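Some notes on the structure that comes next.
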Amino acid sequence: MPRTSVCGFLSTPRINFLSFENSHILNTKDTISVTVVAQTLEEADVYAIALFVANKKGRENLMKRNKNIQALAVTRDLKSKMYNNFGGLIHGA
């Protein structure tokens with residue numbers, strides 16, 4: 001059975017709850033949280049960082065090219081987007 005690793009990043013505001021400018025991750029676009037499921041922890045970490053700093057089009061392109069990676073991204077307006085059957089992991093499908 002292949003290993004599965006999960007890596008996630010959350011942009012936690014330090015001053016104002018709705019302000020993410022002082023996050024510990026620099027160059028974030030519109031994303032405040034990313035969770036990635038991959039074969040290895042290293043792979044999950046790399047994709048989580050890449051998805052975190054990418055814009056919407058970049059995230060879409062990255063996930064289309066990497067069907068073996070599952071991810072959940074949450075944007076500043078608190079909308080979530082699941083990639084490559086991430087929802088199946090949650091719902092047991």
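Read-outs throughout are calculated quantities, based only on the coordinates presented, and are distinct from any laboratory measurement. Not measured: the values here are computed from a predicted model. Counting neighbours? That spans all protein chains shown, and the Cβs are built from the backbone with ideal geometry, glycine included.
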Would you list, by chain and number, the aspartates and glutamates whose Cα falls below 18 Å from the Cα of K79, excluding same-chain residues fewer than 8 positions away? D30, E60
Separation between the D45 and K67 pseudo-spin-labels, each 7 Å from Cα along Cα→Cβ, expressed in nm? 2.9 nm
Scoring segment 44-93 by relative contact order with C-alpha pairs under 8 Å, at least six apart, yields a percentage of 25 percent
Quick check: pseudo-label points 7 Å beyond the Cα along Cα→Cβ at K81 and K57, how many nm apart are they? 1.2 nm
